[in-house]
Structure formats: C-alpha cells, structure tokens
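Where a number appears in this text, it was derived from the coordinates with a stated rule and is not lab data. The structure presented is a predicted model; accordingly, all values stated were derived computationally and were not measured. For neighbour counting, all protein chains shown are included, and Cβ atoms are generated from backbone atoms with ideal geometry for every residue, glycine included.
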Amino acid sequence: MMFVDLDLDVQKTPGGDVEILDRDEFEQHRERYSYPDHLVEVAERSCAEVAALLAAEAEPFAIAPRGWLMALADLLCDPASAGQLT
C-alpha cells in the first residue's frame, strides 16, 4: 500500500468548528509538483466529505473514536499502561 500526503488536513476544534488546514501549502505543492487536475478534484472532494462528516458528527467521527481517545487520555495520565489499548 502506498499513499501521498496532499497536505490538506481537516480539524474539528474543541469549540466544534470544522476547519480545513494547509490550503496554502496544498496550492504551493500543486504548482511545484504539477498535480493533475483530476488529483486536485479528488483531494478537494475528499477533504469536503471528511469535513461534512465531522460537522455532522457522523461515523467514523462520532462514537467510534471515543474509546481510542479515552485510551489515549489514560495513557497520557499513566504512561505505565502503554500497550494496554484494546
């Protein structure tokens, strides 16, 4: 499996706002590396889809990650429990 990071990131803030980050970096790399138009369209569409799912609190961004986030919080509070994620 291989993937290429196209720089676009989607973030949900603690206040609940959904933001698309690094558009400027994406545009710079688009020009520098001559991203083909179809790749740009897929990247932008995918980014918009993820943003919409986050905003709607739809899976996999609703209940599914809560267990992992709780495990991470436990790990940060008690590093000795590393490796006990389930």
Seminar exercise, completed: Packing-ranked peptide list from 64-72, 48-56, highest mean Cβ count within 10 angstrom first, is 48-56, 64-72
Exercise. Counting pairs of alpha carbon atoms under 8 Å apart in space and at least six apart in sequence, what relative contact order in percent does the range 9-81 give?
Worked result: 27
Exercise. What nm distance separates the two modelled labels at H38 and D17, each placed 7 Å from Cα along Cα→Cβ?
Worked result: 3.7
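What does the charge dipole of the chain about its Cα centre add up to, to the nearest 20 debye, if the Cβ of each Lys and Arg holds +1 and the Cβ of each Asp and Glu holds -1? Intermediate values should be presented prior to the final figure.
Numbers: 6 positive and 18 negative charges, 58 e Å.
Charge dipole of the chain: 280 debye, to the nearest 20.
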For this session: Arrange the following residues from fewest to most other Cβ atoms within 10 Å of their Cβ: R30, R23, R45.
Result: R45, R23, R30
For this session: Pick out, from G67, A51, T13, the residue whose Cα sits farthest towards the positive end of the charge dipole of the chain, with +1 on the Cβ of Lys and Arg and -1 on the Cβ of Asp and Glu.
Result: G67
Exercise. For Rg and Dmax of the Cα atoms in Å, which listed value, (1) 22.7, 72; (2) 16.7, 48; (3) 18.9, 58, comes from the coordinates shown?
Worked result: (2)
Problem set entry | Net lengthening on full extension, D74/D5 (0.36 nm per residue, minus Cα-Cα) | 21.9 nm
